[in-house]
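All remarks here apply to the structure that follows.
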Amino acid sequence: MDNFKPCFGKFEKTSKKTLSLIFNDKSEILFDDHKTTFLHERNFNIDQGYKIFEGDTKDIVLFCDDKISNQHDNFIKKAQTFSLLDEEKLKIYARASQLNTWIYKTKYCSRHGTKFENVTDDLGKYCNECGFSHYPKMSPCIMVVVKHKNQILLVQHKNSPHFFTAIAGFVEYGETLYEAVKREVNEEVGLEVSNIRFFESQSWPYPNQLMIAFFAEAKDKYITIDKSELSDAQWYDLDKLPRVPLATSLSSKLIKASLS
Ligand SMILES: [Zn+2]
């Protein structure tokens, strides 16, 4: 696979090969017949697209076209894509899916209801009433694995009962990332944490989070579970973990890294 670098601009046909990535009006993405890829080598004869990655030998072009939906029945909903993507493909999909929402689905200024002028080469959408351009927004979200001596704390969310994972939550206005980590841990399990260390981050297209992962340490292990969000929380020995999220997710990498 090419070494793809993010770029942005209206697609112009050149001699360089392209990989087409196609959404329909319902934000579903076209997979090939065997659901092995959403990057298509063939030409779909769609007029307007945006180049969103530049590779060594191929570029990736984003299209949104509802007509093609009538000719192909293998469009896949966003929620179905996660289990089909490896880490590299998830990265491409994350950018494509969020750009698709911004370019093709965000049509009006939320303050004035005025129709935006079309997206320009720098992603800005201009509102005549505001007098300035609007840009896409993403939601920062922290996740943290808390350690105490030789155990880690994992939680089971009410809406994801099939695995245990890191504590996570959205960053609030005015907060630093470290403050968000301390608040979320305290809200969800009643612990005070220190020695907070950054691990890695990941763009997460379900729908538009930037996940930012941390390790932290707890002084004691007496937890009070927030039953409105969690169905369970447990301390685990490092060699006896429960079922955790799929390996592609940052939470899984964070849990694995916390074992060393
Ligand atoms: Zn406006």
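The values are calculated or read from the model by the stated rules, or taken from the named source; none is laboratory data. Nothing here was measured: the structure is a model prediction, and the numbers come from that model. With ideal geometry, Cβ positions are generated from the backbone for all residues, glycine too; neighbour counts draw on all protein chains shown. SASA here: full protein model, heavy atoms, side chains in, ligands and nucleic acids out. Shrake-Rupley method; radii C 1.70, N 1.55, O 1.52, S 1.80 Å.
For segment 191-238, what does the alpha-carbon gyration tensor say about shape, rounded, prolate or oblate, given a ≥ b ≥ c as the root eigenvalues, a/c under 1.5 as rounded, and a/b over b/c as prolate?
Details: a/c = 2.38, a/b = 1.36, b/c = 1.74.
Because a/c hits 1.5 or more and a/b fails to exceed b/c, segment 191-238 counts as oblate.
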task: Would you calculate a helix-derived [θ] at 222 nm for the chain, using -39,500 (n - 2.57) for each DSSP H run of n ≥ 4 and dividing by the full residue count, to the nearest 500?
output: -4500 deg cm²/dmol
message: Beyond a 18 Å Cα-Cα separation, which of these cross-linked pairs lie in this structure: LYS16/LYS125; LYS89/LYS137; LYS35/LYS77?
response: LYS16/LYS125; LYS89/LYS137
Area accessible to solvent at PHE132, 1.4 Å probe radius, in Å²: 110 Å²
query: Where the centroid of each part is defined by its Cα atoms, how far is segment 26-78 from segment 106-125 in Å?
result: 24 Å
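Which order, highest average first, do 11-19, 193-201, 47-55, 210-218 follow once you tally other Cβ atoms within 10 Å for each residue and take the mean per peptide?
Working: 11-19: 12.1, 193-201: 14.4, 47-55: 17.9, 210-218: 20.2.
Taking the mean over residues of other Cβ atoms within 10 Å, the ranking is 210-218, 47-55, 193-201, 11-19.
Quick check on segment 5-105: take the gyration tensor over C-alpha atoms, sort the square-rooted eigenvalues as a ≥ b ≥ c, and tell me if it's rounded (a/c under 1.5), prolate or oblate. Walk me through the numbers on the way to the answer.
Values: a/c = 1.38, a/b = 1.19, b/c = 1.16.
Since a/c stays below 1.5, the shape of segment 5-105 is classed as rounded.
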- request: Can you tell me the relative contact order of segment 1-147? Whole percent, Cα pairs under 8 Å, sequence separation 6 or more.
  value: 22 percent
task: May I ask for the angle, rounded to the nearest 10°, between helix 177-189 and the longest principal axis of the chain, with both axes built from Cα atoms and the value confined to 0 to 90°?
output: 60 degrees
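Within a Cβ distance under 13 Å of ALA233, other residues only, what is the Lys/Arg minus Asp/Glu net charge? Intermediate results must be reported in sequence, preceding the final value.
Working: positive: LYS158, LYS221, LYS227; negative: GLU184, GLU187, GLU188, ASP226, GLU229, ASP232.
After counting each charged neighbour, the total is -3.
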Portion, in percent, of the accessible area of segment 124-260 that falls on carbon or sulfur, probe 1.4 Å: 53 percent
query: Using a 1.4 Å probe, how large is the accessible area of MET1, given in Å² and rounded to the nearest 10?
result: 130 Å²
query: So which cysteines in the chain don't have a second cysteine's C-beta under 4.7 Å from them?
result: CYS7, CYS64, CYS141
